[in-house]
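Notes follow the structure.
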Amino acid sequence: MKKVILFDVDGTLVKAGGCGLKALNRAVVEFGGPDNICSKFELQGSTDRDNFNRAFICAFKRKPKEKEFLKLKKKYLEILPSEVNAAVNNKRYLKIKGVEKLLKFLSSQKDVFLGLATGNFQEGAYLKLAPSGLSHYFSFGGFGGDYEKREDMIESAVREAEKFLKCRSDEFQVYVIGDTEKDVQAAKAHGYHSGIVMDGFGHPERLRSNAPELISDNFSDMLPWLLWLGLKKDPKGVARGSYICPDTPIEHAYYGMTGIGSFLSPKDFKEMEDMIDRAKGRKQ
Ligand SMILES: [Mg+2]
């Protein structure tokens, strides 16, 4: 089966030295708002639509009109390149360890297709990625300028994958790779696979409690990633689902779509959901 692998940007492919936060702070000041607005809320893992709305509310005590949102976005995108350059010059711009090797390998695989699923504006994502030289690995993407909810952004990435592959999403498996629990939650909202790189901006406890199928320090050891993606056979000969999540398989099939869940037809999956509901006493 074809595989679509969706990568988050910040903390997953690169760490861009906080250039997005700094550019948004500066854009709000140019808009007549107070300094350091991003100290008032957490940006990581949220979409730019959500972050810009929250920055505006913190600064001006109301939600921006669409015209104001677009003006703030324009200012941000004007400022962002200088902040990206500053991060590179100050050596605060880093690629996540091993990411280039993994992307190179994945892009050489038949029936594997790479896309972005990032909260950044599309223009912002490519500005942040530019110094890494990684942009060319991605053929499509979902971006956070149009969506407040990360799960809606992920779904737009899957729609773009359908257009690119010229097929429906039930003809491919979707794997989401990110660095915060919001990546996991957004993937699970649709029953997609979720893998987490710990080298980014996530909180270890929050990540573990959201139970992604795979947590790995970075990409320098490709083996756990390739096992999870089903691109390599498990050296111990253990079934993939139970190897990564060694507790009740039926719960994982339901919540995480790992192992058997990913191989069920929609009809079988519905039957399994009903069975779980009955077991939990929600249905007679
Ligand atoms: Mg991230």
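We did not get these values from a lab; they are worked out from the coordinates using the rules stated. These numbers come from a predicted model, not from an experiment. Every residue, glycine as well, gets a Cβ built from its backbone with ideal geometry; the counts of neighbours run over all protein chains shown.
Among ALA55, VAL14, PHE41, whose Cα projects farthest towards the positive end of the dipole of the chain, with charges put on the beta-carbon of Lys, Arg (+1) and Asp, Glu (-1)?
Final value for the positive-end residue is ALA55.
Just to be sure I understand the model, the point goes 7 Å from the Cα along the line to the Cβ. What's the resulting SER220 to GLU123 distance in nm?
With each label placed 7 Å out from Cα toward Cβ, I get 3.8 nm.
Sort GLU213, GLU148, GLU78 so that the residue with the fewest other Cβ atoms within 10 Å of its own Cβ comes first and the one with the most comes last.
By the 10 Å Cβ count, ascending: GLU78, GLU148, GLU213.
Can you tell me the dipole magnitude for the stretch 14-89 around its Cα centre, using point charges on the Cβ only (Lys, Arg +1; Asp, Glu -1), in Debye to the nearest 20?
Dipole of the stretch 14-89, to the nearest 20 debye: 300 debye.
List, largest first, the extents of the alpha carbons of the stretch 94-223 along their principal axes, each in whole Å.
Each principal axis gives a Cα extent; for the stretch 94-223 these are 38, 30, 29 Å.
Could you work out the relative contact order of the stretch 14-89? I mean the mean sequence separation of Cα pairs under 8 Å and 6+ apart, divided by the number of residues, in percent. Please report the intermediate quantities before stating the final value.
Numbers: 68 pairs, mean separation 32.7, N = 76.
Once divided by the residue count of the stretch 14-89, the mean separation gives 43 percent.
Rounded to the nearest 10 degrees, what's the angle between the helix 19-30 long axis and the longest principal axis of the chain, both from Cα atoms, 0 to 90?
Compared with the principal axis, the helix lies near 40 degrees.
For VAL14, enumerate residues with amide H under 5 Å from its amide H, sequence gap 5+ or separate chain, H modeled in the peptide plane.
It is ILE96, by chain and number.
Under unit Cβ charges (Lys, Arg +1; Asp, Glu -1), what dipole magnitude, rounded to 20 debye, does the chain have relative to its Cα centre?
Numbers: 45 positive and 39 negative charges, 94 e Å.
Approximately 460 debye in magnitude.
Assuming 0.36 nm per residue, please report the length gained on full extension of the stretch ASN85 to LYS61 beyond their Cα-Cα distance.
Roughly 5.4 nm would be gained on extension.
What does the charge count near GLN173 come to, summing +1 for each Lys or Arg and -1 for each Asp or Glu among other residues with Cβ under 9 Å from its Cβ?
Once positives and negatives cancel, what remains is +2.
Can you tell me, using C-alpha contacts under 8 Å and at least 6 residues apart, the relative contact order of the stretch 111-196 as a whole percent? Walk me through the numbers before you get to the answer.
Numbers: 123 pairs, mean separation 21.0, N = 86.
In percent, rounded to a whole number, it is 24.
For GLU68 and ASP274, what is the calculated FRET efficiency with R₀ set at 30 Å and r taken between the beta-carbons, to the nearest 0.05?
0.05
When only C-alpha pairs under 8 Å and at least 6 residues apart count, what is the relative contact order of the chain, in percent? Provide the component values of the computation, followed by the final result.
Values: 482 pairs, mean separation 57.9, N = 284.
This gives 20 percent for the chain.
Using bins 10 angstrom wide from zero, how does P(r) for the chain break down, in % of all Cα pairs?
6, 28, 34, 20, 10, 2, 0
How long are the semi-axes of the equivalent ellipsoid of the stretch 14-89, taking √(5λ) for every eigenvalue λ of the Cα gyration tensor, in whole Å from largest down?
Those come to 20, 13, 11 Å.
On full extension of the chain, what length is gained from MET1 through ASP152, given 0.36 nm per residue of separation minus the C-alpha to C-alpha distance?
Extending this stretch completely gives an extra 51.9 nm.
If one takes the longest principal axis of the Cα atoms in the chain, at what angle in degrees, from 0 to 90 and to the nearest 10, does the Cα axis of helix 266-279 lie?
Approximately 80 degrees, to the nearest 10.
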